[in-house]
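Note sheet for the following structure.
The values are calculated or read from the model by the stated rules, or taken from the named source; none is laboratory data. Note that the structure is a prediction, hence the values are computed from the model and not measured. Counting neighbours? That spans all protein chains shown, and the Cβs are built from the backbone with ideal geometry, glycine included.
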Amino acid sequence: MDQDIYFHKTITYRAYGHNLRFMSSQELFSSHDIDVGTRFLLRSVVEAGLDKSQRILDLGCGYGPLGLCLKKLNPGSDIHLVDRDALALRYSRYNAEINDLDGLHIYGSLGYDDVPDADFNLIVANIPGKAGEPVIGYLLRDAVYYLAPDGVVAIVVVSPLEDTATAILQDTPGVDIITRRRKSGHTVFHYRLADEVETTKPDIDGIERGVYHREDIIIHQGSLEYSMQTAYGLSEFDSLDYRSELLIQALINISTRNGIRHAVVLNPGQGHTAVALWKIARPHNIHLVDRDLLALRYSRRNLLLNNCSVERISIFHGVSADFECDDELDLFIGILREEEGREATFQTVRQAAEKLSYRGVIIIAASSTAITRLVADLASQDLLRITAREKRKGCGFLVLERVVI
């Protein structure tokens, strides 16, 4: 596992008589060491005896320090670890294996939206500092719908969010704050629902309720016009990134030459490239591929907003282009996550090439530096050839086709 190209380091952590190891990726929160907030929250849970809870939900698990420590302390517990980032889930699974922990449920969820069970005795979460008040409110309030009658929620926030969290909890009917502790720039809250209060879980998910909604916009790109609903937590909420502009222009050029039936949009963000693809080429299938469930669901939402039928849209929640697809792809288009590193971006392009049809095309955008490095890496193999390249304003794109021998 240490050969994984996303791997950064292994963290050793001693928790209440147990030694645990955690593999981490540079791309994940607190990749150098388990952060102070997580340690503080875990200590508060153990000191309150909540580590003995039978059913536990670790919301936003990252690479797994909270949920896996609790499993080590209470091997008979039933623990769910969820995150919206597929790379976090990959590392949680790695870390469960290297610590000889089994019987865990590790899966993708956007907040609580994909959690199939309820009646948890304990819900734990290290609330992201940059989540925004509507999302923080959702994470704190909706926990009560997933609690057992005697259940407790234990969260940690950075100190600047203490007043926000306090106001949210005090304004939530029936919530009883049983613990509030401060230490090292963080505040821990433990709270539960009063016995006499009944709750009814909403019938619609967080996206439909507008939890992530930022604004409605109309994009004009040349002769192309489309509507978008944008989300907090995703870039390009009010205008196009220049890399997206390059992709759309390259797409216009390609679509006049090649018929596009089956297409993949990599790292779609708000969905600009996916919607442009639909408007320009009307492919039979659009496969959306991303680590981030929020990006996938907002991209799908914006495709539907622009009259793409739901039957044409597929979602693959995973890392790079490592997904199963029955279709041979006519087009693979997207922006590279160059922060993942040179090896990872090259692997993504190789994986995409393996899924191309005979005349399939890859269109990739990134910074000029990342494109230059990719060109050098492509020169070392005979899988793809460059048919177009453009560089402007510190960004660039490549059009790639398979080498036919």
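Counting only residues that are hydrophobic (A, V, I, L, M, F, W, C) and modelled with pLDDT of 95 or more, which one in the stretch 119-134 is surrounded by the most Cβ atoms within 10 Å (Cβ to Cβ)? Full working, then the answer.
Step one: list which residues in the stretch 119-134 are hydrophobic (A, V, I, L, M, F, W, C), which gives 120, 122-125, 127, 131.
Filter once more, so that each one left must be modelled with pLDDT of 95 or more: 120, 122-125, 127.
Working: Phe120: 25, Leu122: 26, Ile123: 25, Val124: 31, Ala125: 22, Ile127: 21.
So the residue we want is Val124.
When Ala274 is evaluated against the numbered criteria (1) surrounded by 20 or more Cβ atoms within 10 Å (Cβ to Cβ); (2) assigned to a helix (DSSP H, G or I); (3) over 27 Å from the mean Cα position of the chain (by Cα), which criterion, by number, is the only one it fails?
Status for Ala274: all satisfied but (3).
Considering only residues that are in a loop (DSSP other than H, G, I, E, B) and within 23 Å of Ile11 (Cα to Cα), which ones fall in the stretch 80-128? Full working, then the answer.
Here is the first cut: in the stretch 80-128, the ones in a loop (DSSP other than H, G, I, E, B) are 84, 99-104, 109-119, 127-128.
Matches in the stretch 80-128: Arg84, Asn99, Asp100, Leu101, Asp102, Gly103, Leu104, Ile127, Pro128.
Which numbered condition in (1) touching a strand residue (DSSP E or B) at 6+ places or on another chain (Cβ under 9 Å); (2) modelled with pLDDT under 95 is the only one that Arg180 fails?
Unmet condition: (2).
Answer yes or no: is there a residue in the stretch 323-335 that is closer than 21 Å to Ser25 by Cβ and either touching a Lys or Arg at 6+ places or on another chain (Cβ under 6 Å) or modelled with pLDDT of 95 or more (or both).
The initial filter retains those residues of the stretch 323-335 that are closer than 21 Å to Ser25 by Cβ, namely 323, 334-335.
Then keep just the ones that are either touching a Lys or Arg at 6+ places or on another chain (Cβ under 6 Å) or modelled with pLDDT of 95 or more (or both); that gives 334-335.
There is at least one residue in the stretch 323-335 that is closer than 21 Å to Ser25 by Cβ and either touching a Lys or Arg at 6+ places or on another chain (Cβ under 6 Å) or modelled with pLDDT of 95 or more (or both).
Hey, among Leu266, Leu224, Leu234, Leu240, which residue is closer than 20 Å to Asn302 by Cα and touching a Leu at 6+ places or on another chain (Cβ under 7 Å)?
On the way: Leu266 fails: touching a Leu at 6+ places or on another chain (Cβ under 7 Å); Leu224 fails: touching a Leu at 6+ places or on another chain (Cβ under 7 Å); Leu240 fails: touching a Leu at 6+ places or on another chain (Cβ under 7 Å).
Answer to the selection: Leu234.
So is Asp322 among the charged types (D, E, K, R), assigned to a strand (DSSP E or B) and either assigned by TED's automatic domain parsing to the domain that holds Ala370 or touching a Gly at 6+ places or on another chain (Cβ under 6 Å) (or both) or not?
no
Limited to the stretch 144-179, what total is found for residues that are in contact (Cβ under 8 Å) with a residue 40 or more places away in the chain, in a helix (DSSP H, G or I) and hydrophobic (A, V, I, L, M, F, W, C)?
1
Within the stretch 290-319, which residues are in a loop (DSSP other than H, G, I, E, B) and either assigned by TED's automatic domain parsing to the domain that holds Ala88 or crowded, with 23+ Cβ neighbours inside 10 Å (or both)? Can you show your working first?
Of the residues in the stretch 290-319, the ones in a loop (DSSP other than H, G, I, E, B) are 291, 306-309, 318-319.
Listed by number, the residues that qualify are Arg291, Val319.
Can you tell which of Arg43, Arg14, Arg21 is surrounded by fewer than 17 Cβ atoms within 10 Å (Cβ to Cβ) and in a helix (DSSP H, G or I)?
Values: Arg14 fails: in a helix (DSSP H, G or I); Arg21 fails: in a helix (DSSP H, G or I).
Sole residue among the options that is surrounded by fewer than 17 Cβ atoms within 10 Å (Cβ to Cβ) and in a helix (DSSP H, G or I): Arg43.
Counting just the residues of the stretch 248-278 that are farther than 22 Å from Asp327 by Cα and touching a helix residue (DSSP H, G or I) at 6+ places or on another chain (Cβ under 9 Å), which one comes out modelled with the lowest pLDDT?
Step one: filter the stretch 248-278 for residues farther than 22 Å from Asp327 by Cα, giving 248-250, 252-253, 269-270, 272.
Those still in the list that are touching a helix residue (DSSP H, G or I) at 6+ places or on another chain (Cβ under 9 Å) too: 248, 252, 269-270, 272.
Details: Ile248: 93, Ile252: 87, Gly269: 97, Gln270: 97, His272: 97.
Going through the qualifying residues, I end up with Ile252.
If you go through the stretch 226-245 one residue at a time, how many are part of a strand (DSSP E or B) and closer than 15 Å to Gly210 by Cα?
Keep residues of the stretch 226-245 that are part of a strand (DSSP E or B), which gives 226-231.
Restricting the remaining residues to those that are closer than 15 Å to Gly210 by Cα gives 228-231.
Qualifying residue count, the stretch 226-245: 4.
Only residues that are of a type in the set (Gly, Ala, Ser), crowded, with 19+ Cβ neighbours inside 10 Å and farther than 21 Å from Pro283 by Cα: list them for the stretch 339-368, please. Show your work before the answer.
Just the residues of the stretch 339-368 that are of a type in the set (Gly, Ala, Ser), to begin with: 341, 344, 352-353, 357, 360, 365-368.
The next check asks that each one be crowded, with 19+ Cβ neighbours inside 10 Å; those that pass are 344, 352-353, 360, 365-366.
Ala344, Ala366, listed by residue number.
Being under 22 Å from Asp85 (Cβ atoms), surrounded by 22 or more Cβ atoms within 10 Å (Cβ to Cβ) and without any contact (Cβ under 8 Å) to a residue 40 or more places away in the chain is the requirement here; does Leu336 meet it? Spell out the reasoning first.
Working: under 22 Å from Asp85 (Cβ atoms): yes; surrounded by 22 or more Cβ atoms within 10 Å (Cβ to Cβ): yes; without any contact (Cβ under 8 Å) to a residue 40 or more places away in the chain: no.
No, not satisfied.
Okay, residues lined up against (1) out of contact with any strand residue (DSSP E or B) (no Cβ under 9 Å at 6 or more places or on another chain); (2) closer than 29 Å to Gly185 by Cβ; (3) assigned by TED's automatic domain parsing to the domain that holds Arg39:
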position	(1), (2), (3)
Leu59	no, yes, yes
Pro75	yes, no, yes
Ala125	no, yes, yes
Val135	yes, yes, yes
Tyr138	yes, yes, yes
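Can you tell me which residue in the stretch 350-405 is farthest from Leu331 (Cα to Cα), limited to those that are basic (Lys, Arg) and not in a strand (DSSP E or B)?
So in the stretch 350-405, the residues basic (Lys, Arg) come out as 350, 355, 359, 373, 385, 389, 391-393, 402.
Filter once more, keeping what is not in a strand (DSSP E or B): 350, 355, 373, 393.
Numbers: Arg350: 14, Lys355: 10, Arg373: 22, Lys393: 25 Å.
Looking at the filtered set, the residue picked out is Lys393.
For the stretch 293-314, which positions are within 21 Å of Phe237 (Cβ to Cβ) and of a type in the set (S, T, N, Q)?
Filtering the stretch 293-314 for residues within 21 Å of Phe237 (Cβ to Cβ) gives 293-306, 308.
Within the stretch 293-314, Ser299, Asn302, Asn306 meet the criteria.
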